[in-house]
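Visitor: Let me give you the structure first, and then I'll get to my questions.
The values are calculated or read from the model by the stated rules, or taken from the named source; none is laboratory data. Source: prediction; values computed, not measured. Cβ: placed from backbone, ideal geometry, glycine included. Neighbour counts: every protein chain shown. Surface accessibility is based on the protein's heavy atoms, side chains included, excluding ligands, DNA and RNA. Shrake-Rupley method; radii C 1.70, N 1.55, O 1.52, S 1.80 Å.
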Amino acid sequence: MSGPTPTPTPTPTPLPPPPAARPARYDFLNSKPPPNYVAGLGRGATGFTTRSDIGPARAAPDLPDRSASAAAAPAVGRGRGKPPGEDDGDDDGGDEEKGYDENQKFDEFEGNDAGLFSNADYDDDDREADAVWESIDQRMDSRRKDRREARLKQEIEKYRASNPKITEQFADLKRKLADLSAQEWESIPEIGDYSLRNKKKRFESFVPVPDTLLEKARQEQEHVTALDPKSRAAGGTETPWAQTPVTDLTAVGEGRGTVLSLKLDRLSDSVSGLTVVDPKGYLTDLKSMKITSDAEISDIKKARLLLKSVTQTNPKHPPGWIAAARLEEIAGKLQAARQLIERGCEECPKNEDVWLEACRLASPDEAKAVIARGVMSIPNSVKLWLQAAKLETSDLNKSRVLRKGLEHIPDSVRLWKAVVELANEEDARLLLHRAVECCPLHVELWLALARLETYDQARKVLNKAREKLPKEPAIWITAAKLEEANGNTQSVSKVIERGIRSLQREGMDIDREAWLKEAEAAERAGSVLTCQAIVKNTIGIGVDDEDRKRTWVADAEECKKRGSIETARAIYAHALTVFLSKKSIWLKAAQLEKSHGTRESLDALLKKAVNYNPRAEVLWLMAAKEKWLAGDVPAARAILQEAYAAIPNSEEIWLAAFKLEFENNEPERARMLLAKARERGGTERVWMKSAIVERELGNVREERRLLEEGLKLFPSFFKLWLMLGQMEDRLGHAAKAKEVYENGLKHCPSCIPLWLSLASLEEKISGLSKSRAVLTMARKKNPATPELWLAAIRAELRHANKKEADALLAKALQECPTSGILWAAAIEMAPRPQRKGKSSDAIKRCDHDPHVIATVSKLFWVDRKVDKARTWLNRAVTLAPDIGDFWALYYKFELQHGNVDTQKDVLKRCVAAEPKHGEKWQAISKAVENSHQSVEALLKKAVVALDADETLNPAGA
């Protein structure tokens, strides 16, 4: 059975998938960009503007304020194609959640975050927090400050080293300018303009000169001997109108001659009214003339108007008239100047300056009349009377004028002096009698009168002068000189003593320094007794007792430097009366007598010295030496005997007696003295001198015995070891000499001469390697010893090891940076172009070292700079007069470049210095064959040794 067909159930249609979540929109794309914003600037893009960016030429509509419409429209970020009523649902909650306006102004330091707290209050907590952070920043900055400054300084130094200044680049050339002489300075040419601007060849165009110009020039140069037609038409009596005069060069020359004649007229002697031109010197006068320009003429006119107003408004003002007259004199109008100053004399008759100016401007014939009118107007003017006397030619007329002036001005000292100078002796005495009556308070007139009077009258004059001038010390000093000149030696000291007491009673302060100057003046005048009296009575005034010795010695030395020998001698004499037992004062007085006195005065002084100081060895020895130098050997021997009696155990006196006998060829006497000294327990010096005597006499066995005995007693005295080793070496016993040196170094490990002797011996026996080892050991035991380094360097040089020597020298200068002998060796070893730089470095390190100075002088010597070499050699011997090598070098230099006088001077100074040291000098002076030789002979032998020694040759490579 069929029924109705069931309707099929429809299959449900699947729903579309939900839309995917849209990405968040960036609202800043629709916001207004910050000011000065450039898109992509962080990636390196460059902003630009196109026409599409500019848009139409009308103002763009303002964008709506999104923050204002945020509350009214809850959904702000709609899509473009969405209807306004639909919500996309992906809004983040609006601007209310942001809490700030995203379109606000952008802060370039804090960005958009600046708006977060822009409305907050700035309270004390914020201020305190900012202060804390500021202090932390400052603290961190101060911690980095030193490091930052050091880095900055290093960068600056690096920059300056890589970019030196021009002054630094030419510093060595500037130093050379110090060596230029005046002639070389003058010969330096003037620098011209060598800039590129002047080197460019400018285009020069050459245009042919037109024939009309050449013709015109020819016509102007030729002489016109006939009138042109226009002139003939005018009859030759007038110049036709509009005719240009022809320039005649001959007329120009004549005009120049006229100008020259005018200048010569201006140079004429207008004072005397004559036209006198020096035919030889007029060109010089023309050259010296001041050319008056238009500006100077204008200045003179202005000054003339100004001074005219001064003289008219105030005619009684003398400087105005003087200035006006001098202006006219400068302008060359002498007559106008005379007229002006004459009017000035009429307006100001009582002013002496106006009359003196009028006298100067007047001619010689009128000057006397002018000055006569002046003295009539001002009879009490000393200047006018002296000017009037100066205008006179004869002494008689001058004296008359001055005496006339004295009638009007009897108390003028200047007039009295002038008239006395013109008078003879008798008239001068009479005039001075009148002068002291008129001017009783002027001491010079009294003293001049006393000099012209006889002895008795002079004493009366000085007594009157003392009454008138009780506070004048010059009167007492003159009285003492008067007594000395007349042979009253006993009265000189009394006069000075009375004078000082009198001045002190009058309340005068006795200035010790001023009185010492008066003593020196008296010495220069030849009044020695007065000088001594002044010193005796004034030297102790104002000096404390504890300062007397020091002050008096200083005063004597200053007087000695000034050449006041008698004053210094008087000071020492007075000091010795106070300090009889002071050995130092006796020595200084003896030195003064030795250098400026006679042998008799020195002997007398030393005799007194040993009487008052019998225990002073140095005074006995000085007295004996002076007798010996005078050639009186018996007297010297007697003095030493007296000295031995006074000081029986003095080793110095024993050795002095030995030297006296030994140097005067008395070896037996010397041997006996030394034997006695050894018996009485002499020191190591006695044993050394004994060995020296035996060595000179040739007694080798006795010499060895004395040295060995001495070493048993004094094993630490290195000179005995050195003498024993040298003796064995001299006899050819090298092994024994080596053993002696080694034993000596065990007792004296710090003795440099022993190390050097052993190294030299090893070099001679075993070669360089053994010597090098000895010197290395010596340097380890005696660090920072320049002599050991120098010996090693020279040993390498002797074997031609230049590189090794240079390396040793560098190490030596590092260890001994201020050693003069090492720097001297560095200068000599340096190549010739580098020696100047080495010399500069050496002088910086050790400026006052004589070895460096002597080596630098040799460089000047090689360069033929004679004056500089002489100066530096003199400096070397002045710094180290005890080193004989420098004297030998100096004497050799003078033999080559000096004269007889300079050679004698060097020889004399060397003999006075008596040098004892020096590498070459000691080798020559201590040789047996050179014993008892004089200093002069040793100096000449040292010069010969320098000539033979190539290492001391300043011209070495």
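Visitor: Would you rank L720, L334 by solvent-accessible area, highest first, keeping every protein chain in place and using a 1.4 Å probe?
Guide: The most accessible residue leads, giving L334, L720.
Visitor: Round to the nearest 10 and report in Å² the accessible area of F718, as given by a 1.4 Å probe over the protein chains' heavy atoms.
Guide: So the heavy atoms of F718 present about 70 Å² to solvent.
Visitor: Taking the Cβ-Cβ separation of K904 and T871 as r and a Förster radius of 22 Å, what is the calculated FRET efficiency to the nearest 0.05?
Guide: 0.70
Visitor: List, in order, the whole-Hz ³J(HN,Hα) value for each residue of the range 567-575 obtained from phi through the Karplus relation with A = 6.51, B = -1.76, C = 1.60 and θ = phi - 60°; use x for Gly and Pro.
Guide: Whole-Hz 3J(HN,Hα) from phi for the range 567-575: 5, 5, 5, 5, 5, 5, 4, 5, 5.
Visitor: For the range 294-440, I need the span (max minus min coordinate) of the C-alpha atoms along each principal axis, in Å, sorted largest to smallest.
Guide: Taking max minus min along each principal axis of the Cα atoms, the range 294-440 gives 63, 28, 22 Å.
Visitor: Taking K and R as +1 and D and E as -1, what net charge do the other residues with C-beta under 10 Å from the C-beta of W628 add up to?
Guide: In short, +1.
Visitor: Follow-up. For the range 457-505, just say rounded, prolate or oblate: build the C-alpha gyration tensor, square-root its eigenvalues into a ≥ b ≥ c, call rounded for a/c under 1.5, and beyond that prolate if a/b exceeds b/c, oblate if not.
Guide: It is oblate, given that a/c is not under 1.5 and a/b is not larger than b/c.
Visitor: Students often get this wrong, so check it: of K517/K868; K659/K892; K781/K892; K158/K803; K561/K892; K536/K561, which have C-alpha atoms separated by over 29 Å?
Guide: K517/K868; K659/K892; K781/K892; K158/K803; K561/K892
Visitor: If the cut-off is 19 Å between C-alpha atoms, which lysines fall inside it for K460, apart from same-chain ones fewer than 8 positions away?
Guide: Cross-link targets: K468, K471, K481, K494.
Visitor: Give, rounded to the nearest 20 debye, the magnitude of the charge dipole that the range 399-450 has about its Cα centre when Lys and Arg contribute +1 at Cβ and Asp and Glu contribute -1 at Cβ.
Guide: 180
Visitor: Go through 498-508, 644-654, 472-482 and give me the packing order, highest mean Cβ count within 10 Å leading.
Guide: 472-482, 644-654, 498-508
Visitor: Between the range 610-687 and the range 481-502, how far is it from one alpha carbon centroid to the other, in angstrom?
Guide: What the calculation gives is 46 Å, centre to centre.
Visitor: Filter the cross-link list K746/K770; K764/K858; K802/K838; K549/K588 down to pairs whose alpha-carbon distance in this structure exceeds 21 Å.
Guide: K764/K858
Visitor: Which net charge results when you count Lys and Arg as +1 and Asp and Glu as -1 among the other residues whose beta-carbon is under 13 Å from that of P410?
Guide: +1
Visitor: Next question. Give the cross-link partners of K398 among the lysines, using a straight C-alpha distance below 24 Å as the criterion and excluding same-chain residues fewer than 8 apart.
Guide: K350, K368, K383, K390, K417
Visitor: With a/c under 1.5 counting as rounded, go ahead and sort the range 485-572 into rounded, prolate or oblate using the C-alpha gyration tensor (a ≥ b ≥ c being the square roots of the eigenvalues; past the cut-off, prolate if a/b is larger than b/c, else oblate).
Guide: Oblate, because a/c is 1.5 or more while a/b does not exceed b/c.
Visitor: Still on this structure, please answer the following. Which of A792, W755, G744 sits farthest toward the positive end of the charge dipole of the range 730-825, with +1 on the Cβ of Lys and Arg and -1 on the Cβ of Asp and Glu?
Guide: Value computed over the given set: G744.
Visitor: Ratio of the range 830-957's C-alpha Rg to 2.2 N^0.38 Å, to two decimals?
Guide: Normalised Rg, Cα atoms only: 1.04.
Visitor: Sticking with this structure for a sec: Protein chains only, probe 1.4 Å: how do F714, F662 rank by accessible area, largest first?
Guide: The ranking, largest first, comes out as F714, F662.
Visitor: Output the peptides 829-835, 521-527 sorted from most to least packed, where packing is the average of other Cβ atoms within 10 Å over each peptide's residues.
Guide: Going by the mean number of other Cβ atoms within 10 Å, highest first, we get 521-527, 829-835.
Visitor: What Kirkwood radius, in Å to one decimal, follows from the Cα pairs of the range 765-825?
Guide: For the range 765-825, inverting the mean 1/r across all distinct Cα pairs yields 11.6 Å.
Visitor: Stokes-Einstein D for the range 426-475 at 4 °C, 1.567 mPa s, Kirkwood Rh over Cα pairs, in µm²/s?
Guide: The estimated diffusion coefficient comes to 123 µm²/s.
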